[in-house]
Amino acid sequence: MKVTAVAGSDQVAMVYIADFGRDRAVEFVESIQQPLPRDKKWVLMVSTLFGCPVKCRMCDAGGSYHGKLSSDEIFAQIDYLVQKRFPDGIIPVEKFKIQFARMGEPSFNSSVLEVLAELPNRYHAAGLIPSLSTIAPAGVNLFYERLIEIKEQLYPNGHFQFQFSLHTTDVSLRDELIPVKKWSFKEMAEYGNRFYHPGDRKITLNFALAKGMPVDPGILLEYFDPARYLVKITPLNPTCQAAKYGLSSYLDPYGPHCDHDIARLLADQGYEVIVAVGDVEENQIGSNCGQYLLKYLEEGMPVLNGYTYELQAIPTYEMRIGQ
Ligand code: SF4
């Protein structure tokens, strides 16, 4: 893996571009959550596919698909960041989150399971919390069954975060946003109910919410018990794809952080609701969910409030895969 370029700020987030040869490049990210220092919370976001066949309408990481990363190629991204910050492999961070969410739907790649199985032995990191977000595609049941086993064996007592990316409760609109065959809400709930055990973190139902996308608390309640599931509402981040499809965010990251009707309605139904607006500088860096610098550079179109940081070349950093 050759890390060729970087964009961002050490105080917020850094996006790294890595070349794996044969025209295969990915991005990976590290961020902190101000005002927390790095030793309180450090978040890594790595890629699991070269491209993504799902092509969600809001996501710049979707598009031409060139295969899966091996477990060594996924670890190369994590190792690079760990070696940079904690060269002895001891990571004294209270919440050390690794999200498999930069490029690629993780359930399409069984190497993600190999990485999850090896992670606890690879580093000394008592605060390790892997995080797996999925659109819940159909046809990958074996991945999900093995995921339950790994979570039970290696990540008990709240050391694993699992998220379904819903984005709306309107099934037709969800199909437009995420144009592949997916589990129904009923199938998600059946799986989630088996996945969740007392002591686990609640399963997150994420809505990267665009204006005009309904979130019906009645529909959620029909399937997802507030004792096992929480709702997280995030902005729809500024991407080329969102601009192309005329999608704009329900949450305004620049507006006043006030009560939101949808959050209140969900809370009234008993859901724990997280409204996570985040740091607007992450949008400018291009490190947020759904953003992808290489897509932005390829499109060459301006994106309002996004991708304003310049890429800096990294002269010659090469990391041998599997070393
Ligand atoms: S949001 Fe996830 S599943 Fe959808 S295109 Fe982007 S990487 Fe793929």
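The values are calculated or read from the model by the stated rules, or taken from the named source; none is laboratory data. Everything numeric here is computed off the predicted structure, so don't read it as measured data. Methodologically, a virtual Cβ is constructed for each residue, glycine included, from the backbone with ideal geometry; neighbour enumeration extends over all protein chains shown. The accessibility values were calculated without ligands, DNA or RNA, using every heavy atom of the protein model including side chains. Shrake-Rupley method; radii C 1.70, N 1.55, O 1.52, S 1.80 Å.
See the values below:
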item	result
Cα convex hull of segment 1-143 - mean projected area over all directions, nm²	8.7 nm²
5 angstrom amide H check on residue 232, placed H, neighbours 5+ away	205, 206, 207, 274
Fraction of accessible area attributable to carbon and sulfur, segment 239-323 (%, probe 1.4 Å)	50 percent
Share antiparallel - DSSP beta bridges, the chain, percent rounded to 5	50 percent
Neighbour net charge for residue 287 - beta-carbon separation under 11 angstrom, K R +1, D E -1	-4
Relative contact order computed over segment 123-205 (Cα-Cα under 8 Å; 6+ residues apart), in percent	42 percent
Relative contact order (%) - criterion: Cα under 8 Å, at least six apart; region: segment 1-126	24 percent
Positive dipole terminus of segment 1-134, leading residue within 133, 46, 86 (C-beta point charges)	133
Volume in Å³ per residue [convex hull over Cα atoms, computed for the chain]	127 Å³
Accessible area per residue in Å² at 1.4 Å probe, computed on segment 149-212	43 Å²
Helix-only [θ]222 nm of the chain, DSSP H runs n ≥ 4, -39500 (n - 2.57) each, per residue, nearest 500	-8000 deg cm²/dmol
Table column - 3J(HN,Hα) (Hz), segment 138-153, Karplus curve with 6.51, -1.76, 1.60, x for Gly and Pro	6, x, 10, 4, 4, 4, 5, 5, 5, 4, 4, 4, 5, 4, 5, 6
Spread of Cα-to-Cα distances over 5 Å intervals beginning at zero, given as percent, for segment 168-295	2, 9, 18, 21, 20, 16, 10, 3, 0
Taking the chain and dividing mean pair separation by its residue count, relative contact order in percent (alpha carbons under 8 Å, at least six apart)	20 percent
Estimated vicinal HN-Hα couplings, Hz - segment 301-309 in sequence order (Karplus 6.51, -1.76, 1.60; Gly, Pro = x)	10, x, 10, 4, 6, x, 6, 9, 7
Between segment 19-83 and segment 147-186, the alpha-carbon center distance in angstrom	19 Å
Positive-end residue of 188, 212, 286, charge dipole of segment 181-322 with Cβ unit charges	188
Fully extended contour minus Cα-Cα distance, from residue 186 to residue 244, at 0.36 nm per residue	17.7 nm
Estimated FRET transfer efficiency when R0 is 30 angstrom, pair residue 85-residue 277 (beta carbons, to 0.05)	0.70
